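Here is the structure we will look at.
The values are calculated or read from the model by the stated rules, or taken from the named source; none is laboratory data. Quantities reported herein were computed from a predicted structural model and do not represent experimental measurements. Methodologically, a virtual Cβ is constructed for each residue, glycine included, from the backbone with ideal geometry; neighbour enumeration extends over all protein chains shown.
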Amino acid sequence: MSTDSPQGAGADRERPAGRRPQQRKQVLLRLDPLLHDALTRWANDELRSANAQIEFLLRKALSDAGRLPRDAGAPPRRGRPPKRREPEGGTDGPAE
C-alpha cells in the first residue's frame, strides 16, 4: 500500500481557515458573441478590460444578493501600479 493520498500530491497542504489563495482563479467562460461584444464595449467605456468588467459585475451581483464573502477583500485598484521609489542612497555609485 502506498502512502500517497487519493486526493493528489497537494491534498495534505491545506490552507488555514479564512486565508485567501495567493493566486487568482482562472476560469474558462463561454459567452454568446453578442453578449461578449456588449460587455467589451461597456468595459472600454469604463476603461476596464473585459475580464475586470466581469469581475466588477460579479462582485456587484454578489454584494447586492448579500452573498459576497466578508473576507473577499477589496477589488484590485484600477490603473497603473505606482512607481517604485529608489532607496535613500540611490544607485549613482558605490557606497562609501
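From the set of residues in segment 33-49 that are of a type in the set (Gly, Ala, Ser) and modelled with pLDDT of 95 or more, which is farthest from Arg80 (Cα to Cα)? In this case the residue turns out to be Ala38.
Scanning segment 49-86 for residues that are more than 14 Å from the chain's Cα centre (by Cα), among the basic types (Lys, Arg) and surrounded by 10 or more Cβ atoms within 10 Å (Cβ to Cβ) turns up just one, Lys60.
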